[in-house]
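Colleague: Questions regarding the structure given below will be posed in turn.
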Amino acid sequence: MKIKNKIILALDVQEKNKAYEILDELKEDLNTIKIGYPLVLNEGPEIITKIKEKYDFKIITDFKVADIPATNEKIVNTTLKKGADAIIVHGFTGKDSIKACLDTARENNKEIFLLTEMSHPGADLFLKGASEKIAEIGKELEIKNYVAPATKIDRLKKIREIVGKDAYIISPGVGFQGGSIKNTLKYANAAIIGRSIYNSNSPKEKIHEFIELSKN
């Protein structure tokens, strides 16, 4: 997945009109967005289809799929058929649940991103010790795409070492949560940025700041 300017917009707003307003302003600077539960639960899953048709962005759905294999298959299949290009999947549920997501995505000619570790401090309690094992399972299953935190550069570096240089890592936590885009892109292929852009006085100016920083 080739991401323009190495930035994925986390579109974590709830209202359709607000989402369109942001995307209209930033459409020249992006080709990939991440949509999560706030927008989909408020507007319905058809919002994925509408955004895909209106803007033709690559859409990663951040549903952090985490259930038994049979349920995971249904979640992934339904989401991808709405127009998403990829879906984020939790790894702590184990190899069988991950594989169910991977197989279903492949049947749809789409992708998954395996979440190894989250960016907020509370995740350390359970996921810090498990993230390396999750990455190892991903490599065993020949998964190419991963999510690892920009707020924990040492952890991001370790995940990169495990999954290898050819894997594609996207990294949340730049900006509002304190992560540095410059440091993040030493190990990740792209940074996920949301509130720091769309809550700023000028989202377009803000994204240009991040683009310039990503070049250094």
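Colleague: List, in order, the whole-Hz ³J(HN,Hα) value for each residue of segment 6-14 obtained from phi through the Karplus relation with A = 6.51, B = -1.76, C = 1.60 and θ = phi - 60°; use x for Gly and Pro.
Modeller: Here the 3J(HN,Hα) series is 6, 10, 10, 7, 7, 8, 9, 8, 9 Hz.
Colleague: At what distance in angstrom do the alpha carbon centres of segment 41-65 and segment 84-115 lie from each other?
Modeller: A separation of 17 Å, based on Cα centres.
Colleague: Okay, next question. With Cβ to Cβ distances under 15 Å as the rule, what net charge do the other residues near residue 59 carry (K, R +1; D, E -1)?
Modeller: Every neighbour counted, the sum reads +4.
Colleague: Additional query: For the chain, the longest stretch holding no GluC sites (Glu not before Pro) located in a DSSP loop with at most 14 other Cβ atoms within 10 Å is which?
Modeller: 29-141
Colleague: Ok, one more. Which value at 222 nm does the chain reach when only helices count, each DSSP H run of 4 or more adding -39,500 (n - 2.57), with the total divided by all residues and rounded to the nearest 500 deg cm²/dmol?
Modeller: -13000 deg cm²/dmol
Colleague: Counting only residues 5 or more places away or on other chains, whose amide H sits under 5 Å from the amide H of residue 58 once H atoms are built in the peptide plane?
Modeller: 32, 33
Colleague: Okay, moving on. Tally Lys and Arg at +1 and Asp and Glu at -1 over the other residues with C-beta under 12 Å from the C-beta of residue 205: what net charge comes out?
Modeller: -2
Colleague: A further question follows. Calculate one ³J(HN,Hα) per residue across segment 168-173 by plugging θ = phi - 60° into the Karplus curve 6.51 cos²θ - 1.76 cosθ + 1.60, and present them in order as whole Hz with x for glycine and proline.
Modeller: With the stated coefficients, segment 168-173 comes to 10, 10, 10, 9, x, x Hz.
Colleague: Where both partners of a DSSP beta bridge lie in segment 1-116, what percent of those bridges are antiparallel, to the nearest 5?
Modeller: 0 percent
Colleague: Loop-only check: which chymotrypsin sites (Phe, Trp or Tyr not before Pro) in segment 165-216 are DSSP coil with at most 15 other Cβ within 10 angstrom?
Modeller: Qualifying residues, ordered by number: 176.
Colleague: Taking a 1.4 Å probe, which of 61, 93 shows the most accessible area, and what order do the others take after it?
Modeller: 93, 61
Colleague: Keeping every protein chain in place, order 160, 195, 106 by accessible area at 1.4 Å, biggest value first, i.e. largest first.
Modeller: In descending accessible area the options line up as 106, 195, 160.
Colleague: Search the structure for amide H atoms under 5 Å from the amide H of residue 63, placed 1.01 Å from N in the peptide plane, and list their residues when 5 or more places away or on another chain.
Modeller: Under 5 Å from the amide H of residue 63 lie the amide H atoms of 88, each far enough along the sequence or on another chain.
Colleague: Additional query: For residue 10, enumerate residues with amide H under 5 Å from its amide H, sequence gap 5+ or separate chain, H modeled in the peptide plane.
Modeller: Result for residue 10 returns 34, 193, 194.
Colleague: Using a/c under 1.5 as the rounded threshold, could you call segment 24-100 rounded, prolate or oblate? The axes a ≥ b ≥ c are square roots of the C-alpha gyration tensor eigenvalues, and prolate needs a/b larger than b/c, oblate otherwise.
Modeller: prolate
Colleague: Which of rounded, prolate, oblate describes segment 168-214, given a ≥ b ≥ c as roots of the alpha-carbon gyration tensor eigenvalues and a/c under 1.5 marking rounded, otherwise prolate only if a/b is larger than b/c?
Modeller: prolate
Colleague: Determine the per residue accessible area of segment 31-176 with all protein chains present and a 1.4 angstrom probe, expressed in square angstrom.
Modeller: Accessible area per residue: 45 Å².
The values are calculated or read from the model by the stated rules, or taken from the named source; none is laboratory data. Since this is a predicted model, take the numbers as computed values, not measurements. Note that we place each Cβ from the backbone using ideal geometry, even for glycine, and neighbour counts take in every protein chain shown. When the accessible area is computed, the model is the full protein with side chains, heavy atoms only, and any ligands, DNA or RNA have been set aside. Shrake-Rupley method; radii C 1.70, N 1.55, O 1.52, S 1.80 Å.
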